[in-house]
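Down below is the structure, laid out as structure tokens.
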Amino acid sequence: MQFLLRQPDPRAQHRLEQAGTHPLLAQLFAARGVKDAAELEQGLEHLLPPALLKGAEQAAQALADAIARGERLLIVADYDCDGATACAVGLRGLRAMGAKVSYLVPNRFTTGYGLSPAVVELALQLEGGKPDWIVTVDNGIASVEGVAHAHAHGMRVLVTDHHLPGDALPEAEVIVNPNQPGCGFPSKSIAGVGVMFYVLLALRAELRRRGVFDAANQPRLDALLDLVALGTVADVVRLDANNRLLVAQGLKRIREGRLQPGIAALLQVAGREAARINSADLGFALGPRINAAGRLADMTVGIECLTTDDPARALELAQMLDSFNRERRGIEDGIKAEALAMLEDLDHGAGQEAGGNVAAISLFAPHWHEGVIGIVAGRIKDREHRPTFVFAPAEDGTLRGSGRSIAGFHLRDALDLVAKREPGLLLRFGGHAMAAGCSLVPDGFERFRAAFAQVAGEWLEPSQLQRRVEVDGPLPAQWLLPEIATLLSAQVWGQGFAAPLFSARVQVKQQRLIGERHLKAKVRLVDAEGVPGNALFDLLAWGRTDFLPDEARIAYRLESNTWQGLTSVQLVLEAVEG
């Protein structure tokens, strides 16, 4: 493990301080590429305008016409948290503007991802007959066959998505996707829920132009921003300035008690207080509970939780989601243990040709659960610092794989190259730079493992495979305060805008295991001259059972902790150098 020091631009740091930003935040923001205070603006008036998003105004016109004609809309969602929140935003927003709209969410295990012909067939069988329009959220950009099948049955299609397109675009009536050719929208990393929110903004503006609404009676779309924030953080998209604004606005509303009943219920079952929620809570407490429905059961439960206005019903559904999540964790722990045992065997036995000590990892077992392979891939990637794919059998006999990547290795591009080199191996694939999925022919795992490892070996330098952690340097003693921990927690951190990690050399004075799975220690900070301070700080290491050496250089997060009415700071261990 090697620590890399983030280097703030001193001129940007100075500009931020001059604009009134706290000196510590100025350093942290400048080290993350913020150039001036304008990038930190969190008012909705600073949101990128919908007119910049290709297809948004065309979508607004089509939807306004459909509403005026009383046509029926069907949202086809994805089965993850981004898809669920995008569906909830679409349902709430479209209904507020007078639309007749329902939804359908594909099943991970039967119909697969996106608007497939099988999903179109389900739409044809809905009570009341086929819809006039299918509106995809968080999917559709790769649904060439599904859109054609919808057209063959007299349905029109509006695609809203954010994933990277393939070689051919679907022939939908309208496509809204910042990553489609010819779109100049600056926030290419906006989540699927963000794209749907922008379509609603454009639709509301179109309905104002038509005289349906005015500024006084138009629907309040900002009421949906708690959902937008949740989906954005949970999908681990890069938090550029526009995404940070969306998340900040959503968090602000949650903290003020202006939140959907489903969000309130999820906070309750997760043991979080709305007034103190931060972006990490969205990603690690709420997001996994929504995702668990799509992983183990039916995302309908998650969508219903986010769309009901009945607090009692919301709590009942949130408790179901919490139960799914506990079950998911148990399955995940079992698969992760088996995967790690496989890696040990590969490293010590089979050698490089079979997957040991290579630049990429691919793992498969015939009894693994398709719903949790993405999480396991992420865990293995974090531990081994290698691009990782984990596969499980699908109900149709194919192999479904989910991958996670490291910096400098574009996962979807790698799959594209594997597909070209191994014709007929990949039945379908898609995703992003850091996360992607694919389906293989039933006997294709060994071919995939070899081809994927070869691409990684060609693209990655040995230095990129060394585990590194970016740190923000030592935290001055005057800022080791609960107030600073609270200040840091209130900011929007996440993918591409990492939460602060401070480095320190510490003397370990006491340490013990708590709950047999976590380490707690008392430490003194050692200054640059090697002199330990007088103060003792609590150090917590979640999920670590190995004791620390008497002296170590650590990377930690600063948190506040209240116990018996007293609030103090504690250090949360993230890594040990060496």
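The values are calculated or read from the model by the stated rules, or taken from the named source; none is laboratory data. None of these values were measured; they are calculated from a predicted model. In this analysis, Cβ positions are derived from the backbone assuming ideal geometry, glycine residues included, and neighbour counts consider all displayed protein chains. What goes into the accessible areas is simple: the full protein's heavy atoms, side chains included, and nothing from ligands, DNA or RNA. Shrake-Rupley method; radii C 1.70, N 1.55, O 1.52, S 1.80 Å.
Brief remarks follow.
- Around the amide H of Leu158, modelled in the peptide plane, lie the amide H atoms of Ile134, Val135, Thr136, all under 5 Å away and 5 or more residues distant in sequence or on another chain.
- Using θ = phi - 60° and Karplus 6.51 cos²θ - 1.76 cosθ + 1.60, couplings along the stretch 27-37 (whole Hz; Gly, Pro as x): 5, 5, 5, 5, 6, 9, x, 6, 9, 8, 5
- For the stretch 472-578: rounded, prolate or oblate by the Cα gyration tensor [a/c cutoff 1.5]: rounded
- The alpha-carbon atoms of the stretch 334-452, seen along their principal axes, cover 33, 32, 25 angstrom, with the largest extent given first.
- Asp527/Arg69 FRET efficiency (R0 60 Å; Cβ-Cβ; nearest 0.05): 0.25
- Mean separation of Cα pairs under 8 Å and 6 or more residues apart, divided by the residue count, gives the chain a relative contact order of 12 percent.
- For Leu475, the residues whose modelled amide H falls within less than 5 Å of its own, excluding neighbours fewer than 5 places apart on the same chain, are Ser503.
- Between the stretch 103-128 and the stretch 286-320, the Cα center-to-center distance that results, in Å: 20
- Volume per residue of the C-alpha convex hull in the chain, rounded to whole Å³: 167
- Counted charge near Thr110, where neighbours are those whose Cβ lies closer than 9 Å (Asp, Glu -1; Lys, Arg +1): -1
- Measuring nothing but how far apart in sequence close Cα pairs (under 8 Å, 6+ apart) lie, relative to its length, the stretch 32-140 scores a relative contact order of 30 percent.
- Percent of alpha-carbon pairs separated by more than 16 Å within the stretch 415-502: 70
- Each 5 Å bin from 0 upward holds the following percent of the Cα-Cα pairs of the stretch 91-238: 2, 9, 17, 20, 20, 18, 10, 3, 1, 0.
- Phe185 long-range amide H proximity, modeled H, under 5 Å: Lys54
- Within the accessible area of the chain (1.4 Å probe), percent carbon and sulfur: 50
- Rounded tilt (10° steps) of 225-234 against the dominant C-alpha axis of the chain: 60
- Positive end of the dipole of the chain (Cβ unit charges, origin at the Cα centre): among Gly194, Ile380, Gln125, the Cα lying farthest that way belongs to Gly194.
- Ratio of the Cα radius of gyration of the stretch 43-136 to 2.2 N^0.38 Å, where N counts its residues: 1.17
- Neighbours of Arg505, meaning other residues whose beta-carbon lies under 13 angstrom from its beta-carbon, give a summed charge of -3 when Lys and Arg score +1 and Asp and Glu score -1.
- Exposure here means at most 13 other Cβ atoms within 10 Å; with chymotrypsin sites (Phe, Trp or Tyr not before Pro) in a DSSP loop as sites, the longest stretch of the chain lacking them is 1-541.
- Taking the C-alpha atoms only, the angle from helix 192-209 to the longest principal axis of the chain is near 50 degrees.
- Against the main long axis of the alpha-carbon atoms of the chain, helix 373-384 sits at an angle near 30°.
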